[in-house]
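Shown next, in structure tokens, is the structure this report addresses.
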Amino acid sequence: MQKNCPVETTLSLIGGKYKALILWHLSQGILRFSELRDRIENATPKMLTQQLRELEAQQLIHRKVYPVVPPKVEYSLTELGKSLMPVLVAMRDWGADYLSSKNIEPNCFMMKQS
């Protein structure tokens, strides 16, 4: 990574295969692992776990473990994670404009929230 490059820094935080999708889903509220797995269908459990661990290590999400059997784990955005929402909204809007310019109807779960 180039020293102190803002774009590379941002990409290093949200550039994982499913990180932006995880952050977007968590912007809707607290979710359990199974709920994230259901919403991000193409992610294997192993990949989803890896991406969640990286986001937690980067302090973009919070992982809360309840001391019950079976284990209950909830994920939520930290304040730092919430601060990325304008970036994700801008990416969504740019992508929608790009698709529209190619005469393709933007159609995904992200289009339901501003």
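Only residues that are among the hydrophobic types (A, V, I, L, M, F, W, C) and in contact (Cβ under 8 Å) with a residue 40 or more places away in the chain were counted in the range 23-54, giving 6. If you scan the range 5-55, which residues turn out to be of a type in the set (Lys, Arg) and closer than 23 Å to ALA90 by Cα? Passing the criteria: LYS17, LYS19, ARG39. Just to be sure before I move on: is GLY16 under 10 Å from the mean Cα position of the chain (by Cα), part of a helix (DSSP H, G or I) and of a type outside the set (Val, Ile, Thr) in the structure I sent? For GLY16, the condition - under 10 Å from the mean Cα position of the chain (by Cα), part of a helix (DSSP H, G or I) and of a type outside the set (Val, Ile, Thr) - is not met. Scanning the range 87-113 for residues that are modelled with pLDDT under 90 and among the β-branched types (Val, Ile, Thr) yields a count of 0. Checked against the criterion of being assigned to a loop (DSSP other than H, G, I, E, B), of a type outside the set (Val, Ile, Thr), exposed (fewer than 13 other Cβ atoms within 10 Å of the Cβ) and in contact with a Phe, Trp or Tyr (Cβ under 9 Å, 6 or more places away or on another chain), the range 80-94 contains not a single residue that satisfies it. Annotation: of all residues in the range 42-78 being of a type in the set (Lys, Arg) and surrounded by 12 or more Cβ atoms within 10 Å (Cβ to Cβ), the one that is farthest from GLY29 (Cα to Cα) is ARG53.
The values are calculated or read from the model by the stated rules, or taken from the named source; none is laboratory data. Bear in mind that the values here come from a model prediction, so they are computed numbers and not experimental data. Every residue, glycine as well, gets a Cβ built from its backbone with ideal geometry; the counts of neighbours run over all protein chains shown.
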